[in-house]
1. Net charge within 9 Å of P2 by Cβ-Cβ distance, Lys/Arg positive one each and Asp/Glu negative one each, not counting P2 itself?
2. Kindly state, to the nearest 0.05, the FRET efficiency for D23 paired with A86, given R0 = 22 Å and r defined as their beta-carbon distance.
3. More than 25 Å apart: what percent of Cα pairs in the chain qualify?
4. Per residue of segment 20-31, what does 6.51 cos²θ - 1.76 cosθ + 1.60 with θ = phi - 60° give for ³J(HN,Hα)? Whole Hz please, x for Gly and Pro, Karplus curve as stated.
5. Under 1.5 on a/c is rounded, so check that first for segment 1-93, then, if it is not, pick prolate when a/b is larger than b/c and oblate when it is not; a ≥ b ≥ c are the square roots of the alpha carbon gyration tensor eigenvalues.
6. Quick one: 3J(HN,Hα) in Hz for segment 340-346, Karplus 6.51/-1.76/1.60 with θ = phi - 60°, rounded, Gly and Pro as x.
7. Just to be sure I understand the model, the point goes 7 Å from the Cα along the line to the Cβ. What's the resulting D33 to S108 distance in nm?
8. Per DSSP H run of n ≥ 4, the term is -39500 (n - 2.57); total these for the chain, divide by its residue number, and report the mean residue ellipticity at 222 nm rounded to 500 deg cm²/dmol.
Amino acid sequence: MPIPTETVGSLPRPLELQEAYEDLDQGKIQLEDLQKLQEEAAKDSIQRLEQTGETYVNDGEQRESSFATYPLTDTLAGTGLADNLAGDGQFFAIFDDGHDRQLPRIVSGPFRYKQYASDFVKKNKQDASKPVKQAVISPSMMMLLYPLDGEIEGYPREQFLDDVVDECEKDIRQCFEAGAERVSVDFTEGRLANKNDARNPWTGKDMLQEFIELNNRLFDRFSSEERRNIGIHTCPGGDNDSVHSKEVPYEKLLSKMFQMNAGYFLIQCASEEDKEEVYRLVGEYSRDDADGVPQVCFIGVIDPLNPEVETAEEVKDRLVTAAKYIPVERLGATDDCGFSPFSRDLKPAHGSPDFARDIAMQKISARVEGARLASEELGV
Ligand SMILES: [Zn+2]
C-alpha cells in the first residue's frame, strides 16, 4: 500500500472571515452573517483541498472558534458560550512570541457540548466528492476547564471527568455516523505538559500520565476496528506562526504518547532540528499492537508556520529516511500541525492569512506528491 497522507485539520481563515468573527463580538453583525462567510470559506477549502490530491478533505475548521473551543463557544471572545461555563479560565498556552490563549472555566455541572464536530461533517459531506476527515478535541484538553486545585461544590472532579469522556465519545461516534472516515484527536497539550512555565501553573504539575490515562478511557470505548480510523495529533503548538513548547525535549512525550491505544498518530517533525532522532524515537516507542490495532505513524513533513514551500523531493527524502526507523507499513505523511488552529490568526510570517491559505495548498500538494515519490522509491 502506498504511504498514506492526511491533514491535521485547520486552514487559515480568509481575513474577511476573521474580521466577521470580531464583528460578531462587537455586535456589528448577526450570527447568520458570520455563518454565511463560514459556509463560503468551508466550500472553498474543500474544493481547493480536493485539487491538491489529498485523500481526505474537510472544511479547514472555518466554522470553528478554535480546534479546542468549537464545542464550547462561537467565538474566541466567548460570544455564544455553552451553559455552565465562564470565560475566564486558565491559560491553555503562552506562546514564544508572548501571546496567550485562554480556556473557559466550568462553574457547575453538568458539562455538555453545545456543538458537536458532526455538525461540520454533515455539511462537508454534502460539498465533498472525496472521503471526509474531522479533527476533534481531547478529554485531556477539556480536563483543563476544571480548576486545577480544589473542587466545585456539587460537581466533583470525578463526575466532571466522566462527563468529559462521555461528551468526547459522543463527538467521535457522531462524526462517524455523519459519514467521516477518519477522526483525529488533537493533543497539543501533551508536549506542553512538561514545560514547567511558572506563568502557566498546569504545565508544572506533571500531568502527562494523567492525560494519557484519561484519553485511554476514551479509546477503550471503541473497538480495535474503529480505532484504526481514530488518530492522535501532537505538536508544539502553531498559532500566529509561533509555538508554545518546542524547547521541551521531545523524548519526554514520545516515550509515553504511544501508550494511548489510538490507531494512528499525526506527529510534528518537519520543524525539529534533528528529524532523524524523532524518526528513531517514533520507531522505538510506537507499537505493532495497541490493544488490537497497529499504530500508524504519520510523520510531519511540512511546516505550516514557515511560508517557504517544501519541495516534493524534500518530502520524499524525509519519508525515505523515516522508513529506516519506522516499518513502512506503519508510515504515513502529514503536516506538523493545522495551518491555523485558532479563528484569529494573522499568519505574520506569511504577511497575510489569505496568502497563507494559498501557501497551505501548495504545501499540501507537495506532501501528496512527495509521499507518492517515496512510495515509488520504497516499492510500496
Ligand atoms: Zn497542532
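The values are calculated or read from the model by the stated rules, or taken from the named source; none is laboratory data. What you see is a predicted model, and the numbers here were worked out from it, not measured in a lab. Here Cβ is always computed from backbone atoms with ideal geometry, including for glycine, and neighbour counts include all displayed protein chains. Just so you know, the surface numbers come from the protein's heavy atoms only, side chains and all, with ligands and any DNA or RNA stripped out. Shrake-Rupley method; radii C 1.70, N 1.55, O 1.52, S 1.80 Å.
1. On the way: positive: R372; negative: E376.
Result for the local shell: 0.
2. Efficiency, from the Cβ-Cβ distance: 0.40.
3. More than 25 Å apart: 51 percent of the Cα pairs in the chain.
4. 5, 4, 6, 5, 5, 4, 8, x, 7, 9, 9, 4
5. The shape class here is oblate.
6. Going residue by residue, I get 6, x, 10, 5, 9, 8, 7 Hz, with x marking Gly and Pro.
7. Modelled inter-label distance: 3.4 nm.
8. Calculated mean residue ellipticity at 222 nm is -12000 deg cm²/dmol.
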